[in-house]
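Just so it is clear, none of the values below were taken in a lab; they were calculated from the coordinates. Please read these numbers as outputs of a predicted model, since none were measured by experiment. Don't worry about glycine lacking a Cβ; one is built from the backbone with ideal geometry, like all the others, and counts go over all protein chains shown.
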Amino acid sequence: MTILYVISIKDVISPSLVSSNKALDFFENHLSNIVVDNVVVDFSGVKSISRSFAYQYLTCKYQYKRKKLREINVPSSINSILKLELQAMELSNQETINNKKERPKEQLAYL
């Protein structure tokens, strides 16, 4: 039997997810204290999200390997911002990979 822990991000932070520091705090001070491996973040009641919060949330999520993490009840407007930031992150990662491939070998020795 799989045990899930459901955490309301609105109740922990606010209905307005604005500060990237709050996203970092959510992972460092709330999720890290949960002993269950499967965590569900409930976005019910969230009214707004900033791009900086979304970026930090996604960055932390993909660096956070200790637990399986998924979201539920994400309002469509919030989901749109999260998808936009995820696409920006993927594009940035691809550009980084392409830049490394294009550098001459002699430059790599100095990096």
Exercise. Can you run phi through the Karplus equation (6.51, -1.76, 1.60; θ = phi - 60°) for region 56-67 and list ³J(HN,Hα) in whole Hz, with x for Gly and Pro?
Worked result: 5, 4, 5, 4, 5, 4, 7, 8, 8, 9, 6, 9
Exercise. Can you sort L82, L58 so the residue with the fewest Cβ neighbours within 10 Å comes first?
Worked result: L58, L82
Exercise. For V6, which sequence-distant residues (separation of 5 or more, or a different chain) have an amide H within less than 5 Å of its own amide H, given hydrogens modelled in the peptide plane?
Worked result: V40
Problem set entry | For region 45-50, Karplus couplings with θ = phi - 60° (6.51, -1.76, 1.60), whole Hz, Gly/Pro x | x, 6, 9, 8, 8, 8
Exercise. Number of Lys-Lys pairs in region 4-108 under 24 Å by Cα, sequence gap 8 or more or different chains?
Worked result: 19
Exercise. Dividing the Cα radius of gyration by the Kirkwood radius, what Rg/Rh value follows for region 4-108?
Worked result: 1.08
